Structures are given as structure tokens and as C-alpha cells.
Amino acid sequence: MNRIDACFAGLRRHGGKALIPYVTAGDPDGATTVRLALEFEKRGADLVELGVPFSDPLADGTTIQRASQRALEGGTTLRAVLAWAAEIRQASQIPLVLMSYVNPLLRMGPAAFAGAAREAGVDGLIVPDLPPEEAGEVLAANDAAGLATIFLAAPTSPPERLRLIAEASRGYIYYVSLKGVTGARTALARGVADAVRSLRALTPKPVAVGFGIATPDQAAAAAAVADGVIVGSAIVDQVERLRGRAELVERVGVFVEGFVRAVRPAPPAA
Amino acid sequence: MPPSTPEAPVLPDREGRFGPYGGKFVPETLMAALAELEKAYGEAQREPAFQAELQRLLRFYAGRPTPLFFAARMTARFGGARLYLKREDLCHTGAHKINNTLGQVLLAKRMGKRRVIAETGAGQHGVATATAAALMGLTCEVYMGTEDMRRQALNVVRMRLLGAKVTPVDAGSRTLKDAINEAMRDWVTNVGDTHYVLGSVLGAHPYPMMVRDFQAVIGRETREQILEAEGRLPDVLLACVGGGSNAIGLFHPFLADGTVRMIGVEAGGLGVASGKHAARFAGGRVGVLHGSRSYVLQDPDGQIQITHSVSAGLDYASVGPEHAYLYEAGRVEYVSATDEEALRGFHLCCETEGIIPALESAHAVAYAERLAPTLPREAVCVINMSGRGDKDVQIVADLLEERGQP
């Protein structure tokens, strides 16, 4: 069983929700990315998303744009990210998902990528500029390698597209909570609960909510309706603020732990 | 009666693909908006009232048809084929871009959108969008790279005078590519009330098809005009290719005419060997940028490369997917002219014909100088004079001063 499926199956047995932190790989460097992923696991994260930096991240807000720029200036490539994933995998069994724009994947070749990702111990792939209609080659290569292709659903997706996405998606469905790019917002967007309910009516696959979730309160609200919560820009912003400081990994770990606590069901009364 | 236009190949297909090129590589949030746009465009195409209004605007507002002018002194100077200039530079706002923006803004209004956004490189598309928005009473915001704002400062002032908000984009190469990223981010955020007026035959379906259709008026007119002037079809069509909208607009109505040779001229910058250029067919590989599969200048890891051209309008890392298809099919030839050659073309056009061309269009003139002498004297060649060069006067003056040739 794929580590992602096992993770959600385990959580569902006791009503647990997944906290999924995202970092841009290579920001500020690969060694830190590896340490952050392991730290997140130690702090109770259930799954880790590693962003592959791209020169033209048009689905991302300024926080992840800057992180991508820094990572690219540091020489980060898709192959380097795969090598860091392999390092994480040697020390941990936490599910790992890469998030990459489509062009670097096409340049490596979908089959070559899927093989290399599986070899590195990567479990899933999210491609923000690849809707199911265009995903044939990537999906087939990933399926053959046992790599889960996770599609995104959006507030603007009509029912027939939700069906298409629910069917195409492996591992989980990434529900984009708002119209817009990634980046911290002050409140959870309205309509998330209804949208997640619509998806649930279509599929038993887990639904994780992301985009804009910047506080433990928002994460708790999202966890109340979904199977998982993705926190990206808020974490990347912490990495940016703590750049060059020895306590970066620990401080970002503590920050992530705050979200982990927010999505955990309250412990039964003693 | 001129012979009727033969039917052009029916592309793109239902998925928006030109062979393997094109498609819809966009965030999910935009997929519904693209479907809505495709449907609205299809309806508008079949609606006589919409078509009549567009024709009225093209004629009485944009100034169409534009003349096809026999360039006698340029012909004599280059020595060879008879050269005609399709005078898109005489369109209102000074370039072919208005053909597309009038169509799209009219469509946006029909769709009930209150706001339009656009990207711009040289500023011509930004000005044309701001113009159409002012004419039809819609709010307009234009994204422009800070490098382009610097080198096309006149157009920034024009857009602001026309009531548009010009938002600087200070990311990446600070040129057209980065302006498109930012415009797409805006569209993802404001997709409910905003139409994105994409300025070239780029992006996700239906844009490459829709922009081509709005620009094909250039080729349709040229066809009639050359038949009237010469009594036959031209031998060669020449146009510069950034995203490729002026080129596809000229070429498209002639695609089925096997005797008509078509040549697209890309920006060779400092030379293809230098790496500082925007010659996608010479230096690029198939990839995806801004929603469409096409030829893309990229590094071995799939990161988009920084391009260079003296002309902001050609300074872009990818090219319209239909051009990729026509390149692979061997129907259109793609060549490049360097900055230096384009500047020479610019001066030659000024001096022989009294027409100050846009630096973009000057690339086509530059290639004509190379090509014309190799063709027989009875050959007929049409150069698309896609825009006028007022916006470039300062750039050229600065370059002359650098070289001590005031």
C-alpha cells in the first residue's frame, strides 16, 4: 500500500486529520530542507509536501515566489530535490509528495521522473498547472511506477469537473480553498465545507484543504470538514524570517506543531 | 471577383490542440473560466449583431481596412522582389493589437464582465486594451515588467492617460513573461468579474484560436488587396514573431495556398550563439509555458530562460502553439534577425519609405533585405508592418548616442 493511502487509512480509523506542511525545497538549502522534513515528522506532521522551485510559478503568491527564487539561485533542480527526498526517506517513513510545475517534469520526461521519484521514495506528485485533461502521459507514468498523482479541485470547479478530478486523483484530492494564488489569508474562505461535502458525495478518497491557511484556528476549521490540512506559505514565511539563524529548524518545527495540535481531535476526557 | 478563400485547416481540435501543441495547462481555478470563454466566443461568432458591431468598430474606430502599400524605393534599394507593406501601423493606437482588443473587450462586455486585465511587453497591447476598455466603459489594469516600463515609457504614459492602472512587475526578467505570470495570478483571483485580454496567440485554449481569428482580418484584407494590385497571390509573406499574432493574422488566410511561402522572423538578439536572444525555434525545445505546449527557451532542468531582444514585443521565451505546429508541418519557415540587423531595417524603412516602424516590425524588414535580392524581380513579397515606431524613437536615439552617431 502506498504510504499516502496507509497514512489516511490509519488516521480515519480513529477520526484523525492529517496536517500536511509544505516547504519550498532548497530554501535556504537542501540540507535544511531535509532537516525540516524530519523535524516536521518529529512534531507530529502526517505527510510532507516538497515544492520544486520553478522560474515562473504562476499559481503562487509572493511568499513562495521569493522562496523559489532563492532556491533557484542556490542551484536547486528537480534532480537535486529527488536526492534530498531520498535522504529524507533513509531516515523516515513519512509520506512524501512533490509539488512541481509541469515544465521541469516534461523536460526530464514523465516516465524518467516517475521512476526516479519512486526510487527516491517519493509517494505522490501535485502539478498545479496540469488539469486531468492534459495529464494522460504523466498519470500513466506515475500509475505504472506506483506514484500517486494528486489533482486539485477549486471553488470554481463545476460538478462535472469535480467528478473528473475525483476520479483522476490518487492518494488524496487537494481542494484549493479560495480563488487566488497561494499565500496567507486572515480567515478560512467561505464555502469550503460545502465544497468538501460535494467531493465526499462523489468519492471515498481523502480530501485535503490548502491555499491561504495561515493560523492554527483556520487549520482547525478546515480539519473539521476535511481529511487533511495543507499549510504552505505561512511555513515558508517562517523559513524566510529565520534564514541564517541556527534555530531555524527548531523554530519552524515549533510553528508546525501549533498546527498539528489544532487539527488533532481533542483527547478523550480522563 | 477575387477567388474565394480556400478553407483553412480546422485547427485547433476540440481540446484546443494544434497537433501536439496548445492545450490548457492552467490551474484548476481557471478551467471553468476558459470553458465559459470558449462558449461565449462560439456564441458571439455566430451572432450577427456581435459581428456587425465588431465590423463597425474595426472600420470607423480602428480605421480598417489598412492600406497595402507598394514600397517602390525599398524595392529598388533591396534589389529583387516587389515589396508591399501591410500598413497595420496605421491602425488606431499604432499597431495590429487593436484588432484583437476590440474583439475581446466587446466579448468581455457581452459576458457581463466589469473589468479587463492585460499583460504587455512593448506596451502596444496594453495601450490597445486600455483604449478598448475606455471606449466600452470597462475598468482596466495592465501588468508590465519594470524593464519594459523603462524602455517603453511613452506607452506607460499613454495607458495611464487612457484611464488604465499600470502595475509594475518586478520579478524574474521584468519583461513580458513576468507580466503574463502576474496577469494570470490576477485572473485566478478575480475570475468572477474579470476578463483577461491576452495579447497574442499564446496561452491556454481558446486564446490562440480566438486571437488568431480576430487578427486574421489582416490576411483577409491583404489577399483582396494583392489580388487587386497584382492580379495574383503573393509569393512570400513576411512577419515578425514574438507570440506571433501579427504573423498568424497575415498567414492564416493563405495557409491553403501552397504557392505562398511564409516566413516568420524571430528576435535573434545578440545572436543565437550568444544565448541572448528570443529565437525559440533555433534555440528552444518543446515545453509548457503559460498554459500552452509549444517551443520554449529553457535550461536543461526545465527552468524558463531569460530572453533578450532590442524589441520588447519579441522578447519572450515561448511562441504561439499554432506556430509550433506550422513549423513542424514545414508550412512556415522561421528565421531570425539580430538586434543589429533590426536596427538597420529600422533605418532603411525610415529612409526609403518615410515610415518609422516599430522595432518589432523592423525585424521583418531586416529579413526582407536579406531575402529580396535572392528572389526574381517579378516576385511579390508582403511585409507586415505590424506597428509604428514612435514608442521606439527614444531607444534608437539612445543607441545612436552610445555609438556617437547623433
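Where a number appears in this text, it was derived from the coordinates with a stated rule and is not lab data. It should be emphasised that the depicted structure is a prediction, and the values quoted were computed from it without experimental measurement. When we count neighbours, we look across all protein chains shown, and the Cβ atoms used for this are built from the backbone with ideal geometry, even at glycine.
Along the positive direction of the dipole of the protein assembly as shown (beta-carbon charges: Lys, Arg +1; Asp, Glu -1; about the Cα centre), which of B:GLY42, B:ILE355, A:GLY244 reaches farthest?
About the Cα centre, the residue reaching furthest to the positive side is B:GLY42.
Filter the cross-link list B:LYS39/B:LYS391; B:LYS165/B:LYS276; B:LYS39/B:LYS97 down to pairs whose alpha-carbon distance in this structure exceeds 28 Å.
B:LYS39/B:LYS391; B:LYS165/B:LYS276
Could you tell me which residue out of A:GLN65, A:PHE40, A:GLY75 lies farthest along the dipole of region A:3-263 toward its positive end? Charges go on the beta carbon: Lys and Arg +1, Asp and Glu -1, centred on the Cα centre.
The residue sitting farthest along the positive end of the dipole is A:PHE40.
Mind running the shape call on region A:67-150? Use the C-alpha gyration tensor, a ≥ b ≥ c as the square roots of the eigenvalues: rounded below 1.5 for a/c, prolate if a/b tops b/c, oblate otherwise. List each step's numbers first, then the result.
Details: a/c = 1.81, a/b = 1.15, b/c = 1.57.
Cα axes put region A:67-150 in the oblate bin.
Top mean-square fluctuation among B:TYR61, B:TYR334, B:TYR21, Gaussian network model of chain B, C-alpha springs under 10 Å?
In this elastic network of chain B, the residue with the biggest mean-square fluctuation among B:TYR61, B:TYR334, B:TYR21 is B:TYR61.
Please return the longest stretch of chain B lacking exposed loop sites, where trypsin sites (Lys or Arg not before Pro) count only if DSSP places them in a loop and at most 12 other Cβ atoms lie within 10 Å.
Here the longest segment lacking exposed loop sites spans B:15-231.
If you place +1 on the Cβ of every Lys and Arg, -1 on the Cβ of every Asp and Glu, and leave all else neutral, what size is the dipole of region A:1-160 about its Cα centre, to the nearest 20 Debye?
Roughly 600 debye for region A:1-160.
Output the DSSP H helices from chain B with an along-axis C-alpha extent of no less than 15 Å and a mean Kyte-Doolittle hydropathy no less than 0.5.
On the way: long enough: B:28-46 (28 Å, -0.32); B:48-60 (18 Å, -0.04); B:97-110 (20 Å, -0.14); B:124-136 (18 Å, 0.80); B:176-189 (20 Å, -0.43); B:217-230 (19 Å, -0.63); B:339-353 (21 Å, -0.61); B:359-371 (18 Å, 0.17).
Correct list, ordered by number: B:124-136.
Counting partner chain Cβ atoms within 10 Å of every residue's Cβ in B:175-186, what's the average?
Whole-number average of other-chain Cβ neighbours for B:175-186 is 3.
Between B:ARG150 and B:ALA329, what's the calculated FRET efficiency when r is the beta-carbon distance and R0 is 56 Å? Round to 0.05.
Once rounded, the FRET efficiency stands at 0.90.
Need one number: convex hull volume per residue for the protein assembly as shown, Cα atoms only, in Å³.
About 153 Å³ per residue, rounded to a whole number.
For region B:1-90, state which GluC sites (Glu not before Pro) are in a DSSP loop and have at most 16 other beta carbons lying within 10 Å of their beta carbon.
Hits after loop and neighbour filter: B:GLU7, B:GLU15.
Tell me the label-point distance for the pair B:GLU36, B:ALA256, using the 7 Å Cα-to-Cβ offset, in nm and rounded to one decimal.
So the label points at B:GLU36 and B:ALA256 sit 3.6 nm apart.
Using +1 on the beta carbon of Lys and Arg, -1 on that of Asp and Glu, and nothing else charged, what's the dipole of the protein assembly as shown about the Cα centre, debye to 20?
The dipole magnitude comes to about 1160 debye.
Quantify how strongly other chains surround peptide A:175-184 by giving the mean number of their Cβ atoms within 10 Å of each of its Cβ atoms.
On the way: counts 1, 4, 0, 3, 9, 8, 9, 1, 1, 0.
Average per residue, whole number: 4.
I want to check the label-to-label distance for A:GLU160 and B:LEU400. Put each point 7 Å from Cα in the C-beta direction and report it in nm to one decimal.
Distance between label points: 5.9 nm.
Between A:GLU73 and B:ALA76, what FRET efficiency follows from the Cβ-Cβ distance if R0 is 51 Å, with the result rounded to 0.05?
Once rounded, the FRET efficiency stands at 0.45.
Please say if chain A is rounded, prolate or oblate, where rounded means a/c under 1.5 for a ≥ b ≥ c the square roots of the C-alpha gyration tensor eigenvalues, and otherwise the choice is prolate for a/b larger than b/c and oblate otherwise?
Cα axes put chain A in the rounded bin.
Shape verdict for chain B, please, from the Cα gyration tensor: rounded (a/c under 1.5), prolate (a/b greater than b/c) or oblate. The partial results should precede the final answer.
Values: a/c = 1.37, a/b = 1.19, b/c = 1.15.
Since a/c stays below 1.5, the shape of chain B is classed as rounded.
For the protein assembly as shown, what is the calculated [θ] at 222 nm in deg cm²/dmol (nearest 500), taking -39500 (n - 2.57) for each run of four or more DSSP H residues and dividing by its residue count?
Counting only the DSSP helices, I get -13500 deg cm²/dmol.
Just checking the output field for B:188-200: average partner chain Cβ neighbours within 10 Å of each residue's Cβ? Working shown, then result.
Details: counts 9, 5, 2, 5, 3, 0, 0, 0, 0, 0, 0, 0, 0.
Across the residues of B:188-200, the mean count of other-chain Cβ atoms within 10 Å is 2.
Once the other residues with Cβ under 11 Å from the Cβ of B:ALA337 are scored (Lys, Arg +1; Asp, Glu -1), what is the net sum?
Charge balance near B:ALA337 sits at -4.
Excluding A:VAL196 itself, calculate the net charge of residues whose Cβ lies under 13 Å from the Cβ of A:VAL196, where each Lys or Arg counts +1 and each Asp or Glu counts -1.
+3
If r is the Cβ-Cβ distance from A:VAL254 to A:THR186 and R0 is 25 Å, what FRET efficiency results, to the nearest 0.05?
Numbers: r = 22 Å, r/R0 = 0.88.
Step by step, r from the Cβ atoms, then E = 0.70.
By how many nm would the segment from A:ALA140 to A:ASP217 grow when fully extended, if each residue of separation counts as 0.36 nm and the alpha-carbon distance is taken off? Before the final figure, lay out the partial values.
Details: separation 77, 0.36 × 77 = 27.72 nm, distance 3.85 nm.
Full extension of this stretch gives 23.9 nm more.
Give me the distance in nm between label points sitting 7 Å out from Cα along the Cα-to-Cβ direction at A:ARG245 and B:GLU228, one decimal.
7.3
Test of understanding: what is the full-extension gain from B:LEU161 to B:THR189, defined as 0.36 nm times their sequence separation minus their Cα-Cα distance?
Length gained between B:LEU161 and B:THR189: 7.5 nm.
Can you give me the C-alpha center-to-center distance between region A:32-83 and region B:277-324, rounded to a whole angstrom?
25
For chain A, which longest stretch is free of loop sites, where a loop site is one of the trypsin sites (Lys or Arg not before Pro) that DSSP puts outside H, G, I, E and B and that has at most 16 other Cβ atoms within 10 Å?
Here the longest run is A:1-189.
Which value, in debye to the nearest 20, describes the size of the charge dipole of region A:87-178 about its Cα centre when Lys and Arg Cβ atoms bear +1, Asp and Glu Cβ atoms bear -1, and nothing else is charged?
140
Taking θ = phi - 60°, what integer Hz values does the Karplus form 6.51 cos²θ - 1.76 cosθ + 1.60 yield along region A:97-107, in sequence order, with x for Gly and Pro?
Going residue by residue, I get 10, 9, 10, 9, 5, 6, 4, x, 5, 5, 5 Hz, with x marking Gly and Pro.
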